[in-house]
Ligand SMILES: Nc1nc2c(c(=O)[nH]1)N[C@H]1C(S)=C(S)[C@@H](COP(=O)(O)OP(=O)(O)OC[C@H]3O[C@@H](n4cnc5c(=O)[nH]c(N)nc54)[C@H](O)[C@@H]3O)O[C@H]1N2
Ligand SMILES: Nc1nc2c(c(=O)[nH]1)N[C@H]1C(S)=C(S)[C@@H](COP(=O)(O)OP(=O)(O)OC[C@H]3O[C@@H](n4cnc5c(=O)[nH]c(N)nc54)[C@H](O)[C@@H]3O)O[C@H]1N2
Ligand code: SF4
Ligand code: SF4
Ligand code: SF4
Ligand code: SF4
Ligand code: SF4
């Protein structure tokens, strides 16, 4: 048969029509859309049995209870524990992101040994036996050589027992150089013991306060126990309790305060003392308390305050006019149950004591100590461990002075001064450093100096769960499980007025080849033998926890938290019978106690003041920001990898900057490229950047974003306590 | 105990958000992302391409230092009822991939039905709708935390706040198993409401006089966003500040808000 | 010439080599567009600069513009077949071809624009009758079918195809009933042009675009139909002029051009009066009732000022309308061509504004203007239809008797 053109065409048309009428194209169209609805690369979460497990969050000192929803063995959601007295079901953004830390890409999957140059990121996986042997051999060698004092540790651990165990290890091994990272709690603890006497944790009965004066405390920016503070603020708003916040910048706390006092940076203590001036001058203080339970008011404190802190004079320093100061003082003194509270931002750095003294003096003037709705002294009573029996090597080592200059036995640590000492190499060298749940290479001021100090330490062991900035710069990493995989005790909750003991416990099986620091430390102690092994003879960390929590260990496994809600602070007669409240801190010269700490840098070359601020949307300590938290950061803080610096439009105008302009920020400590963000909510002449950005380590979701403001900050020692006291640094902003 | 409102079947779920209490902490945003399998990218600083079903806006009064004031305003989908359920977005979706549920007042979104024309996004004045410009990618291992009650969305479709609809379904299931006729107020609460540390968000049935939102919405300081457009939203806001209430809608220079 | 047998009788065409060279040049642009299109399909719409504020952007504008400009086909058809303007038979072929290009391009752009092209048929299967886009989809597809039917007889006019008696008769018969299709096309076009206007006009959440109207249709519905009818012929005339310039020949007689220009001019004049009334009503009643001053839509941003309103209405509407309705204006080639170009720009600005300025203007008081510039992938995919259109025109012009007056106007000696 001959197929002509016409025949061919009709065949083609027929075939086309046939196909169109057949189910084929329709089926194909349908299948394609079904395929597009089930793309194999879009994950489908597995179903399974659902249950909820309670624990305690240790990502910050907040001590919130958490309820973790699980599907089979997977943890799928962290929520606030409804029955937990601290957070009552609420939870912060960081706590909510915890599973991104657990399952995240920054986890150190198993023990690692550095093979390349330090900080170059070349690692060799090793077994736990090898890892522990490495450390044990090193520590044995140093101890054999009679230099146990040259081993140091830095701990930011939340666990009370772990920190106690580290102290015990130091005692038995023979080193005075154990450093806990101090926070505002330590500064509060020290100032309270210098004014009240005794040792106690400070608590605030905010829920019953009638007036709250915050001297720079970021009450709604992560201060204390963040979720609890949000709840307290809600109570204040509903009950009409006034919140006054003093800060140069319109932080979230300032924004929610009924009155925002925009003060010149670093002059909060002066403002408090000027208020004291008015209170004393107008005899607004609480006479029954002041007369019977305090001392050094009329003879010491009064003289200083009346002489040097008249509102008119202080107005010049603080930028707050005298009338406002007087009004504030009267309001505060006349309010029912007023509380004055301080600490800069979240209080992750302790700060200078003058502010704590001044704030606490205000509370004493209005007699609101150990009263309902006041400032309380709280203690959690725990069984104590038997004393350590140091051998002769240990005794010799302990005889050395601490590198941070604190007298032993030390109640506080000064890692800032420790770093200065190591960097300068003046005293004796540090041969080994153990870093536990902390990231000092990132979190301490003047990171260049920290790096310099670290470069002089030949053996750095990190116990971090994450490849953080310090872990990346260590020689050996012995990864700790994260808080959702291990057991820890949390004693006390920052700023919470009731004695609290909680147990954070494993929600899921360890996701990586990790071991709890406590267990590893016990294994190392065993390897070291002698008095060290004897002092740390527990079979594992849980046994240790049992030793420190006693009977509670078992009950806490079920209840998660124990709170003494019936707790009443000791009456005045009881606390101030033996030792009266002292308006001038004991052992501190009157003129030194209230002397403000200056700012590094000269105003000529550096006309601006750079301040670091804290925000709930940036985790700025050992825990790096998880992706969700970085996702909710404003684009006025971070834009791509550029950090933004906040300045007042007036400042911008005088320097010729517009929103989004590139700039170089320079301080005596360093410089960095930033973008400019204009905001009316900041004092002209001040520039602000958040803590928590600019990590060199971690993952694609955090590394290299913004700049670490700590790089630009100098370390300033508080003249009274030695605490890190820098509240800012002089800076210069120029076109880039 | 006999429930007086048991015959009431038409619910109108909604929120009342107290802006005096909101601190802008962002818990609600993260709670929502964690609950609803919202993906994230290494760079989320382009806020015009960042999926946040709940977004907290920062409003300012526009005054110079130190009279400056700011207010944080959380914005979930407003679940607009419009006129008779003709929400701005629902009425325009050509494929009926988003719908107004007259039984609950919830504006749904069916990801597998949506073909990504984005007309609904153009229609929503609140920018509550987000497009999946990218394939969602969870770093290796992180997909373990995904919630099986909410399906992750594929590239090329629109998503938005669902008032945690899966929680409503779960609550109904529980109520059914327990032999209750109706679900109680506390049985169905959204993830953001629960998480908010300030207790700023209240969620419930706006039609039910027993629910907290019923009374709160009648607060004289309560307002809704862009009421003048006729979107008829189900998210109310409360603020004691005049400038904040005024910022809730557009007014001509000589006009003032009614409250 | 290798393809001499295919070239219509009585006309002269350039050498085949030159033709191929031309095809290759435009083809390169086409390939660039195809590459961008494939990127969008396989990697997703992250290849564009669209974002959650710009759900609709360059492509949707291109779509609306191209459909408005393609309106020359339905309106010329309407005039020729239904109102008996028989002279227009001399340009109707070209109008149909241009319409076909515009509509096929629009469909292609839509297929790239949606996030899930494989599911785009859901628009038909799960149709929501309330949605203007549903109306658009249905009418657009139907009208594209009609245009195809109108285009087929033209193809069959090819010298070789026409030798096949089946095709010859088919073409003949189709010509006979073309009035029916033209009527259907005009009806469908009335709706889809209108529904495209409705797309933004119904957005009651977007006071910049929202308009009151008649029954379910906002005023923009009618304005779009009217403007497409008014401006579409101008585009046909513009492309005709460009083709004449490139081919170096007169292809359509002036009386035909002037007739179409005159009709277009009058349509435009009436349209622009309606548009001005609409704008005044919107500015003084609609927008203020939502709390907006009209200046809110034209200030506080880096791009959209009142200039765009003036450019659209005055320069792109009033001026060309005045030129075209005056006999002196439309008879003067320079004035006429200027008017035509201004008109085309004017209608494009209108479509731009209705899509992009709607997206740009903030509605919540605490929201900000959002400006956008397209990515190269968007530009390339937008250029793709232009290249495709050029190629189709080149082929059709070479092989089909598009311009009935060409042999008469350009006798071969
Ligand atoms: N306890 C309890 N059980 C019930 C019911 C009840 O009320 N209570 N109702 C019963 C009834 S009536 C029904 S119909 C069933 C419904 O039961 P299911 O079919 O399980 O319904 P859903 O939970 O609504 O949807 C399941 C998942 O499908 C996803 N999804 C949504 N659209 C699509 C789609 O187009 N394609 C794909 N692949 N996934 C999609 C959703 O996001 C969700 O994750 O449950 C029955 N079981
Ligand atoms: N947004 C959204 N809407 C949906 C769905 C969705 O997934 N999302 N799912 C859809 C689907 S699949 C379905 S089936 C429907 C279900 O929608 P409905 O049929 O409305 O389902 P319910 O509200 O669960 O049940 C209706 C009522 O029946 C009562 N009831 C229970 N048992 C009995 C009985 O024995 N006798 C009588 N007389 N009453 C009884 C219940 O108390 C309840 O008040 O919802 C649809 N609507
Ligand atoms: S406030 Fe602190 S303890 Fe509470 S959830 Fe957040 S990170 Fe955890
Ligand atoms: S969680 Fe609550 S307080 Fe925090 S931003 Fe959201 S609504 Fe505001
Ligand atoms: S807020 Fe937007 S997405 Fe939500 S219902 Fe209203 S229009 Fe739709
Ligand atoms: S993007 Fe999806 S939900 Fe939105 S209108 Fe288009 S099809 Fe409907
Ligand atoms: S209601 Fe649910 S879906 Fe909506 S914002 Fe809150 S958490 Fe997200």
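Structural remarks
- Evaluation of residue A:657 against the conditions (1) closer than 30 Å to residue A:179 by Cα; (2) away from chain B (no Cβ under 14 Å) shows that the sole unmet condition is (1).
- Exactly one residue out of C:270, C:286, C:243 is out of contact with any helix residue (DSSP H, G or I) (no Cβ under 6 Å at 6 or more places or on another chain), part of a helix (DSSP H, G or I), closer than 25 Å to residue B:230 by Cα and in contact (Cβ under 8 Å) with a residue 24 or more places away in the chain, and it is C:286.
- Selection within region C:85-111 - part of a helix (DSSP H, G or I), at pLDDT below 90 and over 15 Å from the mean Cα position of the chain (by Cα): C:86, C:87, C:88, C:89, C:90, C:91, C:92, C:93
- Only residues that are in contact with a strand residue (DSSP E or B) (Cβ under 6 Å, 6 or more places away or on another chain) and at the interface with another protein chain (Cβ under 8 Å from one of its Cβ atoms) were counted in region A:97-122, giving 1.
- Boolean, residue B:125 is assigned to a loop (DSSP other than H, G, I, E, B), away from ligand 5 (no atom under 16 Å from the Cβ) and at the interface with another protein chain (Cβ under 7 Å from one of its Cβ atoms): no
- Failed item, numbered, when residue B:203 is tested on (1) buried (at least 22 other Cβ atoms within 10 Å of the Cβ); (2) more than 9 Å from ligand 7 (Cβ to nearest atom): (2)
- Given (1) buried (at least 21 other Cβ atoms within 10 Å of the Cβ); (2) under 19 Å from residue A:465 (Cα atoms); (3) at pLDDT 95 or above, index of the condition residue A:126 fails: (1)
- Checked against (1) more than 14 Å from chain C (Cβ to nearest Cβ); (2) away from ligand 6 (no atom under 16 Å from the Cβ), residue B:151 passes all but condition (2).
- The set of residues from region C:305-333 being over 19 Å from residue C:294 (Cβ atoms) and not in a helix (DSSP H, G or I) comprises C:326, C:332.
- Index of the failed condition, residue A:197 passing every other in (1) crowded, with 24+ Cβ neighbours inside 10 Å; (2) in a loop (DSSP other than H, G, I, E, B): (1)
- Restricting B:197, B:125, B:152 to residues that are more than 16 Å from ligand 3 (Cβ to nearest atom) and more than 16 Å from the chain's Cα centre (by Cα) narrows the list to B:152.
- Some residue of region A:228-239 being under 18 Å from residue B:23 (Cβ atoms) and in a strand (DSSP E or B): no
- Residues of region B:82-94 satisfying the condition of being more than 16 Å from ligand 7 (Cβ to nearest atom) and outside any strand (DSSP E or B): B:84, B:85, B:88, B:90, B:91, B:92, B:93, B:94
- Out of C:33, C:22, one residue alone is more than 10 Å from every other protein chain (Cβ to nearest Cβ) and closer than 15 Å to residue C:395 by Cα. It is C:22.
- Failed item in (1) at pLDDT 95 or above; (2) over 30 Å from residue B:249 (Cβ atoms); (3) assigned to a helix (DSSP H, G or I), with residue C:374 passing the rest: (3)
- Residue under evaluation residue B:197, criteria (1) away from ligand 4 (no atom under 16 Å from the Cβ); (2) within 14 Å of chain A (Cβ to nearest Cβ); (3) crowded, with 19+ Cβ neighbours inside 10 Å; (4) not in a helix (DSSP H, G or I), criterion not met: (1)
- The lone criterion from (1) surrounded by fewer than 22 Cβ atoms within 10 Å (Cβ to Cβ); (2) within 15 Å of ligand 7 (Cβ to nearest atom); (3) within 30 Å of residue A:251 (Cβ to Cβ) left unmet by residue B:76 is number (1).
- Restricting region B:69-96 to residues that are touching a strand residue (DSSP E or B) at 6+ places or on another chain (Cβ under 7 Å) and on the phi > 0 side of the Ramachandran plot, the residue that is farthest from the other protein chains (Cβ to nearest Cβ) is B:79.
- Test: residue in region A:266-281 that is within 10 Å of chain B (Cβ to nearest Cβ), touching a helix residue (DSSP H, G or I) at 6+ places or on another chain (Cβ under 7 Å) and within 14 Å of residue A:212 (Cα to Cα): no
- When we screen A:416, A:368 for residues that are farther than 23 Å from residue A:547 by Cβ, more than 26 Å from the chain's Cα centre (by Cα) and crowded, with 21+ Cβ neighbours inside 10 Å, the only hit is A:368.
For (1) more than 19 Å from the chain's Cα centre (by Cα); (2) surrounded by fewer than 21 Cβ atoms within 10 Å (Cβ to Cβ); (3) more than 10 Å from ligand 6 (Cβ to nearest atom); (4) closer than 13 Å to residue B:53 by Cβ, each residue gets a yes or a no:
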{"position": "B:97", "(1), (2), (3), (4)": "no, no, no, no"}
{"position": "B:103", "(1), (2), (3), (4)": "no, yes, yes, no"}
{"position": "B:144", "(1), (2), (3), (4)": "yes, yes, yes, no"}
{"position": "B:171", "(1), (2), (3), (4)": "no, yes, yes, no"}
{"position": "B:175", "(1), (2), (3), (4)": "yes, yes, yes, no"}
{"position": "B:184", "(1), (2), (3), (4)": "yes, yes, yes, no"}
{"position": "B:191", "(1), (2), (3), (4)": "no, no, yes, yes"}
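- Boolean, residue B:100 is touching a strand residue (DSSP E or B) at 6+ places or on another chain (Cβ under 9 Å), more than 8 Å from chain C (Cβ to nearest Cβ) and farther than 23 Å from residue B:238 by Cβ: yes
- Any hit, region B:167-186, residues being part of a loop (DSSP other than H, G, I, E, B) and within 14 Å of another protein chain (Cβ to nearest Cβ): no
- Filtering region B:103-122 to residues that are at the interface with another protein chain (Cβ under 9 Å from one of its Cβ atoms), within 16 Å of residue C:122 (Cβ to Cβ) and either away from ligand 1 (no atom under 16 Å from the Cβ) or touching a helix residue (DSSP H, G or I) at 6+ places or on another chain (Cβ under 7 Å) (or both) leaves B:112, B:113, B:115, B:117, B:118, B:119, B:120.
- Among residues of region B:202-224, those that are within 16 Å of ligand 5 (Cβ to nearest atom) and either more than 13 Å from every other protein chain (Cβ to nearest Cβ) or touching a helix residue (DSSP H, G or I) at 6+ places or on another chain (Cβ under 9 Å) (or both), counted: 3
- Some residue of region A:324-338 being surrounded by 22 or more Cβ atoms within 10 Å (Cβ to Cβ) and under 27 Å from the mean Cα position of the chain (by Cα): yes
- Taken over region B:29-68, the criterion of being closer than 25 Å to residue A:264 by Cα, more than 12 Å from chain C (Cβ to nearest Cβ) and not in a loop (DSSP other than H, G, I, E, B) is satisfied by no residue.
- Every condition in (1) buried (at least 23 other Cβ atoms within 10 Å of the Cβ); (2) farther than 30 Å from residue A:660 by Cα holds for residue B:84 except the one numbered (1).
The values are calculated or read from the model by the stated rules, or taken from the named source; none is laboratory data. Keep in mind the model is a prediction, meaning the values are calculated, not measured. Note: ideal-geometry Cβ built from the backbone for every residue, glycine included; neighbour counts use all protein chains shown.
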